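Undergrad: One structure is given below, represented as structure tokens, and several questions about it will come after.
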Amino acid sequence: MSPHPQWRGQRRIRVALEFTARGVRLAGMKPLEGPAVQRPVLEGSYLAEVTVGGVTAIVHSFNDPRSVRGISRPQQPGHSFARQDTAIVYVDVPIAHEGPLGDISISVTDLSKLRQRPVDMAEVQALLGRAPKGIRAAGRITSEQLRAHPDWGALGLPGVPSAPRLGFYEIYRDREKTFRWRLHHSDGRIVAECAKPYPSRAACEADLRWMKESGSRAPVRSLDIPTPPATPKKRK
């Protein structure tokens, strides 16, 4: 029985890409069973071209993830749209069960300025090859970035040594839309949280950088152990 023509690989790596005002960054990844699926119609304003071993393996299509549709109200026909500071998009990287894993790259392209966007797979690939005016490179994830990420060693891929599970810091927004961080143990437990909110993501990230650089060398002060009284000096 021949595989479905739109199937890619036997397994896949689901890669999380975070969209920000600065571009696209790698947020994480995890292995999934089953092949990746190539959609025959690519209607979104963004494209993510995944290459494995220098060959295009799959092309994903999606709209700007930071644009969120609001709730329609009776007095206001239609939908309102809001723009978030950050958003996550998931793309699949097809892999085979056996054989070495070639270099992987994920190139994200913005087509929103094009008046007429192709939707057929062959036309999309031809467009990416020409790189005409009106398309913009939104970001690129390289094989080196993927292999350097803490999640890479836990994928269980052939030829990839297993890495010890690490804890991780997590940045999130609370109900007041301010930024906070928390530290997770390798088993998922939250072992530390910030004492106060941050007005911006940059301020939150600055404290995290300081903790990662200096926190491991900071001494431990035990406030629950009483200080022994000073020994009186003997008179001569």
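Undergrad: How long is the gain from Trp152 to Lys133 if the chain were fully straight, where each residue apart is worth 0.36 nm and the alpha carbon distance is subtracted? Write down the numbers at each step before the final one.
TA: Values: separation 19, 0.36 × 19 = 6.84 nm, distance 3.58 nm.
Length gained, Trp152 through Lys133: 3.3 nm.
Undergrad: Given a Förster distance of 22 Å, report the FRET efficiency between Ile225 and Ala192 from their Cβ-Cβ distance, rounded to the nearest 0.05.
TA: On the way: r = 21 Å, r/R0 = 0.97.
Working from the Cβ atoms, E equals 0.55.
Undergrad: Same structure, new question: Between Ser214 and Tyr172, what is the FRET efficiency for a Förster distance of 30 Å, r being their Cβ-Cβ separation, to the nearest 0.05?
TA: Working: r = 23 Å, r/R0 = 0.77.
Calculated transfer efficiency: 0.85.
Undergrad: What is the diffusion coefficient of segment 165-214 in µm²/s, taking the Kirkwood radius over Cα pairs and the Stokes-Einstein relation at 37 °C with a viscosity of 0.692 mPa s? Before the final figure, lay out the partial values.
TA: Details: Rh = 11.3 Å.
Here the translational diffusion coefficient equals 291 µm²/s.
Undergrad: Using a cut-off of 12 Å between beta-carbons, work out the net charge of the residues near Asp120 (Lys and Arg +1, Asp and Glu -1, Asp120 not included). Walk me through the numbers before you get to the answer.
TA: Numbers: positive: Arg39, Arg117; negative: Glu43, Glu123.
Within the 12 Å Cβ shell, the charges total 0.
Bear in mind that the values in this text are calculations on the coordinates, not laboratory data. Treat the numbers as computed from the prediction; the structure is a model and nothing was measured. For neighbour counting, all protein chains shown are included, and Cβ atoms are generated from backbone atoms with ideal geometry for every residue, glycine included.
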